[in-house]
Amino acid sequence: MPTIPTVDHVDIERYMGDWYVIANIPTFLERDAYNAVERYSLNDDGTIDTVFTFRKGGFDGERKRYNPTGFIRSDNNAEWGMRFVWPFKAEFLVIWLDEDYSQTVIGRSKRDYVWIMAREPELPEADYQRILAFLAEQGYDVDKVQKVPQRWPEDEGA
């Protein structure tokens, strides 16, 4: 498949912070994940400190935490390499980003994995359906996309 197009530009500082994983085509690490959250922080050297947390198997399941490093690979800040294990860097492309930076989609040219994320743990159904239609246009098999259960007490968040 051809390379999947990215958004035109990402204001990297605005993109930093917490993103709730609303749905995905999960990697083997993410199967059966609940309350999945990605947190991005810009390091002084320009790399991106990433903290990925979730509960395994249920809302009260074991808390898992992974800390890959992101590397910006393009002038528009929309193409990253994400390293979980040295020296391998996985392709990580910002292919959808709304104007207020409240919803984003990370994709890959292989169309094997995708992450629909939002600043809040819920996404309006109309927005979710619009994103699924966009992913289908990009060549994704949207039947593989799975919602990630999110349930947070009102006084608690990511």
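The table below lists the values:
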item: Per-residue HN-Hα couplings for the stretch 29-39 [Karplus 6.51, -1.76, 1.60; θ = phi - 60°; Hz; x = Gly/Pro]; result: 5, 9, 4, 6, 8, 10, 6, 6, 9, 9, 10
item: Net charge of Cβ neighbours under 13 Å - reference R130; Lys, Arg +1; Asp, Glu -1; result: -4
item: Kirkwood Rh, angstrom, the stretch 1-146 [1 / mean 1/r, Cα pairs]; result: 15.5
item: Estimated distance in nm for a label pair at F28 and S102, the labels positioned 7 Å out from Cα along Cα-to-Cβ; result: 3.8
item: Fully extended contour minus Cα-Cα distance, from D112 to L132, at 0.36 nm per residue; result: 5.7 nm
item: Residues whose placed amide H lies under 5 Å from that of A90, excluding near-sequence neighbours; result: M82, R83, F84
item: Amide hydrogen neighbours beyond the local backbone of E120, cut-off 5 Å, H modeled; result: Y20
item: Total charge dipole magnitude, the stretch 12-147, about the Cα centre, Cβ charges on Lys, Arg, Asp, Glu only, Debye to nearest 20; result: 600
item: Near-label residues of the stretch 50-80 by backbone N, under 20 Å of a point 7 Å along Cα→Cβ of K147; result: 54-61
item: Virtual spin-label span in nm between E125 and F71, 7 Å along Cα→Cβ; result: 4.4
item: Eligible lysines near K89 by straight Cα distance, threshold 20 Å, same-chain separation 8 or greater; result: K110
item: Partners for K64 among aspartates and glutamates (Cα-Cα distance below 18 Å; same-chain residues under 8 apart left out); result: D18, E30, D32, E38, D49, E156
item: Amide H contacts of W96 (H built 1.01 Å from N, under 5 Å, at least 5 apart or other chain); result: V7, V105
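Every read-out reported here was derived from the displayed coordinates using simple, explicitly stated rules and does not represent laboratory data. Just so we're clear, the structure is a prediction, and the values are computed from it rather than from any experiment. Reconstructed Cβ throughout: ideal geometry from the backbone, glycine too, with neighbour counts over all protein chains shown.
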